[in-house]
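Colleague: Please read through the structure below; I'll follow up with questions.
The values are calculated or read from the model by the stated rules, or taken from the named source; none is laboratory data. Nothing here was measured: the structure is a model prediction, and the numbers come from that model. Cβ atoms come from the backbone with ideal geometry, glycine included; neighbour counts cover every protein chain shown.
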């Protein structure tokens, strides 16, 4: 046997199947003088509500998709404009400079697309590299 958790009253085991619930609702409607709407009307109402819901949801999804597409396009444009760095007009045979060690005299000739900032400042011997345009 089960009891109410608030008042400790014993609970009667009831049939809570959909059939028994529908029967109790039918009895209540009859006792209150109400009648159940015809099944076709109920289904038509549900179908119309569903259509309205889907139409509203579809409109929302279209707006969301357009907003996302616009955001992606804006990001592409801003990304493309930030990458429009002027092209290096130096010739491939032009001297781009050297990193020269102040201790051992070793050097590295910079190549196309390289910058002195791309390298560490310390030589293997412990000396420091200095950027020079000529040796």
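Colleague: Could you count how many residues in the range 125-135 are farther than 14 Å from residue 95 by Cβ and in a loop (DSSP other than H, G, I, E, B)?
Modeller: Just the residues of the range 125-135 that are farther than 14 Å from residue 95 by Cβ, to begin with: 125-130.
In the following step, the residues that additionally are in a loop (DSSP other than H, G, I, E, B) were identified as 125-127.
Number satisfying all stated conditions: 3.
Colleague: Another question about this same structure. Looking only at residues that are surrounded by fewer than 11 Cβ atoms within 10 Å (Cβ to Cβ) and part of a loop (DSSP other than H, G, I, E, B) in the range 103-124, which one is modelled with the highest pLDDT?
Modeller: 111
Colleague: Here's something else I'd like to know. Would you pick out the residues in the range 71-102 that are more than 35 Å from the chain's Cα centre (by Cα) and either assigned to a helix (DSSP H, G or I) or modelled with pLDDT of 85 or more (or both)?
Modeller: If the condition is that a residue be more than 35 Å from the chain's Cα centre (by Cα) and either assigned to a helix (DSSP H, G or I) or modelled with pLDDT of 85 or more (or both), then 96, 97, 98, 99, 100, 101, 102 are the ones that fit.
Colleague: When you go through 33, 50 one by one, which is the residue that is surrounded by 10 or more Cβ atoms within 10 Å (Cβ to Cβ) and at pLDDT 75 or above?
Modeller: Unique residue meeting the criteria: 50.
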